[in-house]
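All remarks here apply to the structure that follows.
The values are calculated or read from the model by the stated rules, or taken from the named source; none is laboratory data. These figures come from a predicted structure and were not determined experimentally. Because the Cβ atoms are built from the backbone with ideal geometry, glycine has one as well, and the counts that use them run over all protein chains shown. Quick note on the areas: whole protein, heavy atoms, side chains included, nothing else; ligands and nucleic acids left out. Shrake-Rupley method; radii C 1.70, N 1.55, O 1.52, S 1.80 Å.
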Amino acid sequence: TAKQRQASKPGKKGGAGMAAILKEEVQRLQENETALEEMVTAAFTGLFVERYRDRAEEVRASCLSALGRVMQLHPSMFLADTYLKYLGWSLSDMAAAVRAASLSQLSAVYTAHGAAEEICRVDGKPVSGAERLLNFTRR
């Protein structure tokens, strides 16, 4: 950008000026990231949380499939107990199609990231029964 070119010109405080510009840019990007995460959380709460309890099992299964795909695409945000719990809760759904969708997505997430042991932790603590669930998804 123009600010970066100006700061890097000889005879100027290039190093210090560039560091300040980069620091501002990092702060701006962190603020943008926070804003985006808030928007995603609002969309998730407004859409998914309502639809995953829909009366139609096809809608519930579709929601879980979409959640699993998002987890695979953006693991840094979605591979957390905040989102994983919906897949876990759906394992006890009355409809077999919903349970199958949940299990399929759990298996795909575990396989894609090779971090099954880490995923089986909530707040850094092992989840009871997680090893059994992990073995179940590997079949």
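Below is a table of values for the structure above.
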quantity: Hits in the stretch 62-112 - residues which are of a type in the set (Gly, Ala, Ser), open to solvent by less than 60 Å² (accessible area, probe 1.4 Å) and within 26 Å of Thr34 (Cβ to Cβ); calculated: Ala66, Gly68, Ala80
quantity: Considering residues of the stretch 50-61 that are at pLDDT below 90 and not basic (Lys, Arg) only, the residue most open to solvent (accessible area, probe 1.4 Å); calculated: Glu50
quantity: Residue match in the stretch 15-24 (condition: open to solvent by 50 Å² or more (accessible area, probe 1.4 Å) and touching a residue at least 40 places away in the same chain (Cβ under 8 Å)); calculated: no
quantity: Inter-residue pairs, beta-carbon under 6 Å, first more than 17 Å from Leu73 (Cβ to Cβ) and in the stretch 83-108, second open to solvent by 30 Å² or more (accessible area, probe 1.4 Å) and part of a loop (DSSP other than H, G, I, E, B), 6+ apart; calculated: Arg99/Asp93
